[in-house]
Amino acid sequence: MKEDLKKIRNLLDDIDQQIIDSLAKRQHIVEKVFSLKKEHSGRIRDYQREEQILNKLGNMARKSGLDRYYVEQIFREIINHSVRSQTNALMDYHNNVISDKTISVAYQGTDGSYSHQTAYRHFSERYADITTFGYDTFHEAGKAVEDGEVDAAVLPIENTTAGSINDTYDLLGNSSLVIIGEEVLRIRHCLLGLEKVPLNQIKRIISHPQALAQCSRFLSKLTDCKVESYVDTAMAARKVQEDGDLTQAAIAGAMAGEQYGLQILERGIANQEQNYTRFVIVAREPVYCDPQIPCKTSLVIATSHHKGALMDSLRVLDDHGINMTKLESRPRPNVPWQYLFYLDIEGNTQDADVARAIDELDKHSSFVKVLGCYPIQPKSEEVAQVPNDDTAAK
């Protein structure tokens, strides 16, 4: 029986190798497609064609006795990766990014945090070497970019459970930083402890306030347990490891647990299973986005002080056929009872309609600032692989 099982496993290994080889061949063809697209106008992404391909693949799967949804899900990821690689290549082509170049990236937190993982997720396919620097606050990470200490910073800006992260909005509104990219990362919170102990033995749980908010239902079920805010999820994990207290636990990602040698006491403790955080990548200078690339533009505006001022501004976008995907208000610093409105719109500032809309928006507002134009990224289900030997922490 053991010999038969070994033979079957060897067959599976051979098939897996064939799948890898086929994916590699597919990627080489994708690169040829890009070489044609970079010199000619057209769209990187054709959603109608994608749906036709997925429908065809679904029918093929059913004829082969496979679950249609399972196959479509796999190929959605393959297509997303294809689009991502073409987008990155086109961005690098126009912005003169050299493949063997190194980049330094700031983030809030420490090794193993979600921001740390996102930095590698965003840059690892495009740069030969990445050096990351962890800071205690968003402001410090942003200032490191402004001062030229690092090339870019990764900042969380909103979460599907806990909502907007105001510190990042305030930093963008009050600094010269520009958004050059985004990442949407699936967040899988875990309860981490020194050893596998019953939950009723945990008397103190620490984590970042956003993580605590995202896990409020789980935490409400724990009795005789103190919940405290901490600087960062990964820093909380490190503190549990350093304190050596079996009654203490942290909420963080599995990678942070692995980083600091902690045990997972409970997995998937967020209120929502589909828990995603959107991160923005900020730098000192804007990037050029080819019109072929599906883009998002972020703005901050202050409306004039009259009745219906905000509606007048938003009507400008509608008149130009521009879709707004996000609207967030924040108090305007040093101006009581006035507000800044942060907008995300679908569109590229290189597009004439978008450019005209922004010009007209300026006429209806007392203040308009373009925070950045950058490629739209699909949500990511994966966790980036973070090396342990090249990360510096401040």
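Bear in mind that the values in this text are calculations on the coordinates, not laboratory data. No experiment lies behind these values; they were computed from the predicted model shown. Heads up, the Cβs are rebuilt from the backbone with ideal geometry, glycines too, and the neighbour counts pull from every protein chain shown.
Hey, what's the per residue convex hull volume over the C-alpha atoms of the chain, in cubic angstrom?
It is 196 Å³ per residue.
I'd like the projected area of the range 8-158, averaged over all directions, using the convex hull of its alpha carbons. Report it in nm² with one decimal.
In nm², the orientation-averaged hull projection of the range 8-158 is 12.7.
Please list 3J(HN,Hα) in residue order for the range 243-252, calculated via the Karplus relation 6.51 cos²θ - 1.76 cosθ + 1.60 where θ = phi - 60°; whole Hz, with x for glycine and proline.
Values, residue by residue: 6, x, 9, 5, 8, 10, 9, 10, 9, 6 Hz.
Count of lysine pairs in the range 190-267 with Cα atoms under 16 Å apart, counting only pairs 8 or more residues apart in sequence or on different chains?
Close lysine pairs under the 16 Å cut-off: 4.
In whole Å, how far is the Cα centre of the range 196-274 from that of the range 277-339?
Each part reduced to its Cα centre gives a spacing of 36 Å.
Find how much the distance from A355 to D224 grows on full extension, using 0.36 nm per residue of separation minus their present alpha carbon separation; answer in nm with one decimal.
Answer, rounded to one decimal: 41.5 nm.
Which GluC sites (Glu not before Pro) in the range 180-220 sit in a loop by DSSP (not H, G, I, E or B) and have at most 16 other Cβ atoms within 10 Å of their own Cβ?
Counting only loop positions with at most 16 other Cβ atoms within 10 Å, the GluC sites (Glu not before Pro) in the range 180-220 are E195.
At 7 Å along the Cα-to-beta-carbon direction for both I53 and N334, put a label point, then send me their distance in nm to one decimal.
It is 5.2 nm.
List the residues, sorted by chain then number, that are 5 or more residues from R204 or on another chain and whose placed amide H is less than 5 Å from its amide H.
Amide H neighbours of R204: K226, A249.
On each of the three principal axes of the Cα atoms of the range 15-94, give max minus min coordinate, whole Å, ordered largest first.
45, 30, 15
Mean residue ellipticity at 222 nm from the helices of the chain, using -39,500 (n - 2.57) per DSSP H segment of n ≥ 4 over the full residue count, to the nearest 500 deg cm²/dmol?
When only DSSP H runs of four or more count, the value is -13000 deg cm²/dmol.
Which cross-chain or sequence-distant (5 or more) residues have an amide H under 5 Å from the amide H of I180, H modelled 1.01 Å from N in plane?
Residues meeting the amide H criterion: I281, V282, A283.
Using a Gaussian network model of the chain whose springs link C-alpha atoms within less than 10 Å, name the residue from S366, S104, S313 with the highest mean-square fluctuation.
Top of the fluctuation ranking is S366.
Once fully extended, how much extra length lies between I78 and F367, figured as 0.36 nm per residue of separation less the alpha-carbon to alpha-carbon distance?
Length difference between fully extended and current span is 99.8 nm.
Counting other beta carbons within 10 Å of each residue's own, what order do K2, K56 fall into, fewest first?
K2, K56
Lysines within cross-link reach of K326: Cα-Cα under 25 Å, excluding same-chain residues under 8 positions apart?
Straight-distance partners of K326: K296, K307, K363, K369, K379.
Against the empirical 2.2 N^0.38 Å scaling, what ratio does the C-alpha Rg of the range 190-267 come to? Mind showing how you got there, number by number?
Working: Rg = 10.7 Å, N = 78, 2.2 N^0.38 = 11.5 Å.
Here the answer is 0.93, to two decimals.
If you plug each phi of the range 72-88 into the Karplus form 6.51 cos²θ - 1.76 cosθ + 1.60 with θ = phi - 60°, what whole-Hz ³J(HN,Hα) values come out, in order, with x for Gly and Pro?
4, 5, 4, 6, 4, 5, 5, 5, 4, 5, 4, 5, 4, 5, 5, 4, 4
Do any trypsin sites (Lys or Arg not before Pro) in the range 292-368 lie in a loop, going by DSSP, with at most 16 other beta-carbon atoms within 10 Å of their beta carbon, and if so which?
In loop regions of the range 292-368 (DSSP not H, G, I, E or B), the sparsely surrounded trypsin sites (Lys or Arg not before Pro) are K307.
Exposure proxy check: M60, M1 ranked by fewest other beta carbons within 10 Å?
M1, M60
Whole Å is fine, so just give me how far the alpha carbon centre of the range 80-147 lies from that of the range 1-17.
Spelled out, the Cα-based centre of one part sits 40 Å from the other.
Given H placed on each backbone N at 1.01 Å, which residues far from D290 in sequence or on other chains put an amide H within less than 5 Å of it?
none
GluC sites (Glu not before Pro), restricted to the range 84-161: which are DSSP loop and have at most 16 other Cβ atoms within 10 Å?
For GluC sites (Glu not before Pro) across the range 84-161 that sit outside H, G, I, E and B with at most 16 neighbouring Cβ atoms in 10 Å, the list reads E125, E149.
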